[in-house]
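Undergrad: This structure is in structure tokens; I'll ask about it shortly.
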Amino acid sequence: MIIKDMPEEAKPREKALKFGIQSLSTDELIAIILRCGCKGKSATDLAQEILKEFNIYGKDSLPNIKSLYKVKGIGKTKALTLLTALELGKRCSREILVTSNHKITNSRILYKYIAYHYTNIYQEQLIVILLNTKKEVIDSKIVFQGALDNVVIHPREIYKYAISNSAASIIIAHNHPSNDTTPSKADILVTKNVKKCGEIFGIPLIDHMIFGDNNYYSFYENGDLSEEE
């Protein structure tokens, strides 16, 4: 059934205006974003197909734009509009988590934080997470891009960011696109250099996490940040 043939109370826009946007189901929200359907499909039909084909929640919240084209009736404009809405929602959620004093107390929570905020990364990127004295997140951002073997990772830039935001401690993390989270020699060297600088500045390195799609390696969890003999 096309949307114009639906009862007034069942149409997504009319339902939202009458009962509030929170009354809409996820497919109805997507239908409003898409605005219209295509031949033989309503906007709601397209929305339901998208929900069936893609996991728009959590880590995989942003499908590749070209993959959306595979859904008949989804062109460049609809795909871009949907991805824009999803990205905006993700950023708003990120701000809520940060301003709600999101606390990093163990590696599992750290991995969830990273997986939620830094998705769809197709090249190596080094992330710095700043913590206060309660291990609550102050801020986080990507500070370097490219394989650690090919990019000069200088602790100066990391600690410039940490000092300017009055961090009590930091965590660094980077992804391995290969999904093999085993630390390389470069990873170990970077960790040692950042750890030494942290000791000098009085802003300790709490952990270095290497993460993949569904796994991670924590230097702290594996005892690699203990005092050198």
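We did not get these values from a lab; they are worked out from the coordinates using the rules stated. Keep in mind it's a predicted model, so treat the numbers as computed, not measured.
Undergrad: Could you pull out every residue, at least 5 positions away or on a different chain, whose amide H is within less than 5 Å of the one on Asp224? Hs are placed 1.01 Å off N in the peptide plane, and Pro or chain starts have none.
TA: Sorted by chain and number, the residues that satisfy this come to none at all.
Undergrad: Oh, and also: State the extension gain, in nm to one decimal, for the chain segment bounded by Ile200 and His154, taking 0.36 nm per residue of separation less the distance between their alpha-carbons. Intermediate results must be reported in sequence, preceding the final value.
TA: On the way: separation 46, 0.36 × 46 = 16.56 nm, distance 1.47 nm.
Stretched out fully, the Ile200 to His154 stretch lengthens by 15.1 nm.
Undergrad: Let me ask you something else. Amide H of Asp139: which non-local residues (sequence gap of 5 or more, or other chain) have their own amide H closer than 5 Å, using H built in the peptide plane?
TA: Sorted by chain and number, the residues that satisfy this are Leu130.
Undergrad: If you plug each phi of the range 178-187 into the Karplus form 6.51 cos²θ - 1.76 cosθ + 1.60 with θ = phi - 60°, what whole-Hz ³J(HN,Hα) values come out, in order, with x for Gly and Pro?
TA: Result, ordered by residue: 6, 6, 8, 8, 5, x, 8, 4, 5, 4 Hz.
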